[in-house]
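First comes the structure, then the notes that go with it.
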Amino acid sequence: MHNDIKKALEVLLQGGIILYPTDTIWGIGCDATNEEAVRRIYQLKKREDSKSMLVLLENINALERYVEEVPEIAYDLIEVTEKPMTIIYSGAKNLAKNLVAEDGSIGIRLTSEAFTQQLIQRFKKPLVSTSANISGKPSPAFFDEISSEIIDAVDYVVEFRQDDHSPKSPSSIIKLGTGGEIQVLRQ
């Protein structure tokens, strides 16, 4: 894992894109503050850039760097959740403009997976995380289900957990309103 983190870090620092395991499914990622890297992921996925992608952070303390105002309820939800949860926040900041939704919101998940936590800690920036598939195609559950089109297009493929076939689920998605409203988009 240490060697993979080192190589992935080198690629991210140069504005590259990686294919990596997350706490849910395999993801395509890049520096969430680098507009050119984000553009490359949209191109690779053949995805409209009006469909925003989510961001991974390694800990709760980093939230305030990327969201104007974190609602108190977000801290409560994060504390009690037992499975991966993406929260959509209003008022994204300090992120690539083409990553933020038209309404100024951004989906953020705090990762509990060792590889991504360590990578983000060392990178000192958030990572884009989007499923490792072409837009409209099924999301691969395991590494061996990822198309060669995706594998060949990224700058680095992480070796860690490629043989892992333990079941993973997509995260739940919750949108928080500025007045504390909660909307469950996916359980």
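Assorted remarks:
- Sites counted here are trypsin sites (Lys or Arg not before Pro) in a DSSP loop (not H, G, I, E or B) having no more than 15 other Cβ atoms within 10 Å; the longest part of the chain that contains none of them is 125-187.
- Heavy-atom accessible area order for THR81, THR86, largest first, 1.4 Å probe: THR81, THR86
- Look at where the Cα atoms of the range 8-27 and of the range 72-116 average out, and the two centres are 18 Å apart.
- Within the assembled protein chains, the solvent-accessible surface assigned to PHE160 is about 60 Å², based on a 1.4 Å probe.
- Cβ-based charge dipole, the range 111-187, positive-most Cα from VAL157, LEU119, SER147: LEU119
- For the chain, the relative contact order is 32 percent, taking Cα pairs closer than 8 Å that sit 6 or more residues apart in sequence and dividing their mean separation by the residue count.
- Charge dipole magnitude, Cβ of K and R +1, D and E -1 - the chain, Cα centre, debye nearest 20: 300
- Pairs over the 23 Å Cα-Cα cut-off, from the set LYS45/LYS168; LYS7/LYS137; LYS97/LYS125; LYS6/LYS175: LYS7/LYS137; LYS6/LYS175.
- Using only side-chain charges placed at the Cβ, +1 for Lys and Arg and -1 for Asp and Glu, the dipole size of the range 87-187 relative to its Cα centre rounds to 540 debye.
- Taking the DSSP beta bridges with both ends in the chain, the antiparallel portion is around 65 percent.
- Rounded percent of accessible protein surface that carbon and sulfur make up, the range 1-186, 1.4 Å probe: 47
- Over the chain: helical MRE at 222 nm, DSSP H runs n ≥ 4 each giving -39500 (n - 2.57), nearest 500: -7500 deg cm²/dmol
- Cα-derived Rg over Rh, computed across the range 97-163 with Rh taken as Kirkwood radius: 0.98
- Of VAL38, VAL11, the residue with the largest accessible area leads and the full order is VAL11, VAL38 (1.4 Å probe).
- Shape class of the range 1-123 from the alpha-carbon gyration tensor: oblate, with a/c at 1.5 or above and b/c at least as large as a/b.
The values are calculated or read from the model by the stated rules, or taken from the named source; none is laboratory data. If you're wondering where the values come from, they're calculated on a predicted model, not measured in any experiment. Glycine also receives a Cβ, built like all others from the backbone with ideal geometry; neighbour counts cover every protein chain displayed. Side chains are part of the model used for accessible areas, which takes the heavy atoms of the whole protein and leaves out ligands, DNA and RNA. Shrake-Rupley method; radii C 1.70, N 1.55, O 1.52, S 1.80 Å.
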